[in-house]
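Every read-out reported here was derived from the displayed coordinates using simple, explicitly stated rules and does not represent laboratory data. All values derive from a computational prediction rather than experimental measurement. Cβ: placed from backbone, ideal geometry, glycine included. Neighbour counts: every protein chain shown.
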Amino acid sequence: MTEPQIAVGILSGKEIQFFFPDEFISSDGMAISGMQQAVYRKGKICWQEKEYDELSFTPQRNTSSFFELQDVTIGIDFHWERKEVQRFKGELKIIIEDDKLTAINVISIEEYLTSVISSEMSATASLELLKAHAVISRSWLLDKLRIENEKLRNTMPSSSAANSQFSILNSQFIKWYDHEAHKNFDVCADDHCQRYQGITRASAPQAIEAVSATRGEVLMYEGKICDTRFSKCCGGAFEEFQNCWENVKHPYLIGQRDSQTEHRLPDLSIEAEADKWIRTSPVAFCNTQDKKILSQVLNNYDQETADFYRWKVSYSQQELSELIHKRSGIDFGIIIDLIPVERGTSGRLVRLKIVGTLRTLILGKELEIRRTLSTSHLYSSAFVVDKEYKEDEEEIPSRFTLTGAGWGHGVGLCQIGAAVMGEQGYKYEEILSHYYPGSILEKQYK
Ligand SMILES: [Zn+2]
Ligand SMILES: [Zn+2]
């Protein structure tokens with residue numbers, strides 16, 4: 001296998017402006033440079049007064065050439081959302097999608113990874129943490145490309161990837177969300193896939209070193225590329241894959257302690273054990289308040305709190321009933337109880353029973369629970385519930401307090417834990433085999 005290329009969707013619009021500082025060759029053989037504009041008109045791409053269904057531009061000299069895209073929106077939906085000019089190496093491709101033009105950057109995987117690792121991770125991260133991230137990002141990408149290739153071979157429709165499933169059976173609403181595939185390119189440049197800004201900002205030397213030191217390396221299990229999921233903070237124990245997504249067991253995504261202590265992990269699917277675990281603060285790699293380490297993983301915009309190993313959220317009766325109504329679209333009436341039905345290996349709720357005066361429903365899986373019980377997302381579904389009552393109303397709780405553990409789904413690599421391991425001198429191979437037990441590193445290309 002030679003190093004594959006990847007197609008990254010950067011932006012879309014009725015018109016796209018781009019700039020070639022030096023010569024690029026268009027797909028119809030023209031040598032061009034300078035400022036360019038392509039416009040969508042009646043189902044075609046108009047460029048230089050000609051019409052195209054698809055258009056691409058390849059650098060004349062391969063190594064140092066780059067192109068610029070105007071008006072790329074960054075920080076979508078964040079308070080710092082703005083537009084900027086971005087620079088990219090490799091090829092520029094323009095296609096038609098939904099009555100608009102989409103600009104795509106076709107680039108080698110290793111160059112793409114260098115940019116991604118540099119912009120997603122803090123420059124202060126340890127080299128071993130960056131290497132571990134380079135391997136899991138590369139594994140995710142190569143697995144994605146493999147799936148797409150298989151689809152092409154089997155001539156399956158490219159939009160067939162199921163991203164969510166649900167079933168309503170016996171008053172249960174069980175839904176999960178998986179990564180939605182793109183139709184006309186491999187990955188997008190936003191957080192939906194991985195944040196990618198080309199060479200707009202110089203890559204951090206540590207990121208360059210981490211990617212080149214692990215060149216071509218992916219995680220494998222029994223001859224297949226691993227599903228390298230990761231989340232912010234597991235809360236002290238790993239969750240298993242099937243408790244968050246479809247009912248498939250991955251032998252390397254299993255319940256285990258996020259530490260190397262001798263103490264075995266209690267069976268957190270048992271309510272009493274989960275209760276004890278969540279209300280205490282067991283030893284774990286991710287049990288840290290060290291701002292220096294946290295800042296390696298969290299970008300500046302969500303560093304407001306360091307309390308996510310263990311956290312608390314409290315709602316009044318009115319707040320909770322309105323919230324659940326608004327988020328689920330179902331009016332439960334007054335909320336009488338939130339009852340754990342099923343927990344996974346990390347204590348995360350897989351199914352939760354919501355008991356209201358108007359109806360009762362069992363909800364799952366973890367992300368659906370987190371979406372329903374918060375205006376955005378609850379940190380995790382590993383929580384226990386305490387109810388308070390007013391003296392004169394013994395049946396109706398006046399307040400619900402959720403005490404919880406961890407941030408995210410808790411499956412696979414725990415970013416905070418991995419950052420701590422990196423600081424403590426563990427090698428990236430050790431970090432990866434801790435979070436994906438039984439997996440092996442394999443070089444896919446030279
Ligand atoms: Zn995407
Ligand atoms: Zn952890």
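Side notes on the structure shown:
- For the range 1-51, applying the loop criterion from DSSP together with a ceiling of 10 other beta carbons within 10 Å to the GluC sites (Glu not before Pro) yields Glu49.
- Straight-line cross-link partners of Lys353 among the aspartates and glutamates, defined as a Cα under 16 Å from its Cα and at least 8 positions apart when in the same chain: Glu271, Asp331, Asp337, Glu342, Glu366, Glu368, Asp386.
- Given Lys50/Lys89; Lys50/Lys151; Lys183/Lys249; Lys42/Lys144, the pairs whose alpha carbons are separated by over 29 Å: Lys50/Lys151; Lys42/Lys144
- Where a label projected 7 Å from the Cα of Lys427 along Cα→Cβ would reach, residues of the range 214-241 with amide N under 18 Å: 214-220
- Candidate cross-link partners of Lys443 among the lysines, defined by an alpha-carbon separation under 16 Å and a same-chain spacing of 8 or more, comprise Lys131, Lys224.
- Three-way shape label, the range 237-329, alpha-carbon gyration tensor, a/c 1.5: oblate
- Candidate lysines - alpha carbon under 18 Å from Lys291, same-chain residues fewer than 8 apart omitted: Lys232
- Helix 109-120 vs. the chain, principal-axis angle (Cα, 0 to 90°, nearest 10): 50 degrees
- Relative contact order, percent, the chain [alpha-carbon distance under 8 Å, six or more residues apart]: 17 percent
- Neighbour-limited loop hits for GluC sites (Glu not before Pro), the range 366-428 (at most 12 other Cβ within 10 Å; DSSP other than H, G, I, E, B): Glu391, Glu393, Glu394, Glu395
- Treating each Cα of the chain as one equal point scatterer and applying the Debye formula with no solvent, the log10 of I(q)/I(0) at q = 0.07, 0.09, 0.11 Å⁻¹ comes out as -0.41, -0.66, -0.94.
- Extension gain (nm, one decimal) between Lys292 and Lys387, 0.36 nm per residue minus Cα-Cα: 30.6 nm
- Cut-off under 5 Å, modelled amide H: who pairs with Tyr252 long-range: none
- Both radii come from the Cα set of the range 325-431: Rg as radius of gyration, Rh as Kirkwood radius; their ratio Rg/Rh reads 1.11.
- In this structure, Ala213 and Glu394 have a Cβ-Cβ separation that, at R0 = 56 Å, corresponds to a calculated FRET efficiency of about 0.30.
- Each label point was placed 7 Å from the Cα along the Cα-to-Cβ direction; for Glu51 and Val355 their separation is 6.7 nm.
- Close amide H contacts of Thr345 (hydrogens built in the peptide plane, cut-off under 5 Å, sequence separation of 5 or more or a different chain): Glu240.
- Once the Cα atoms are used to define both axes, helix 317-328 deviates from the longest principal axis of the chain by about 40 degrees.
- Taking Cα atoms only, the orientation of helix 127-153 departs from the longest principal axis of the chain by about 70 degrees.
- With neighbour counts taken as other beta-carbon atoms within 10 Å, the residues Asp392, Asp307, Asp227, Asp267 rank, fewest first, as Asp392, Asp307, Asp267, Asp227.
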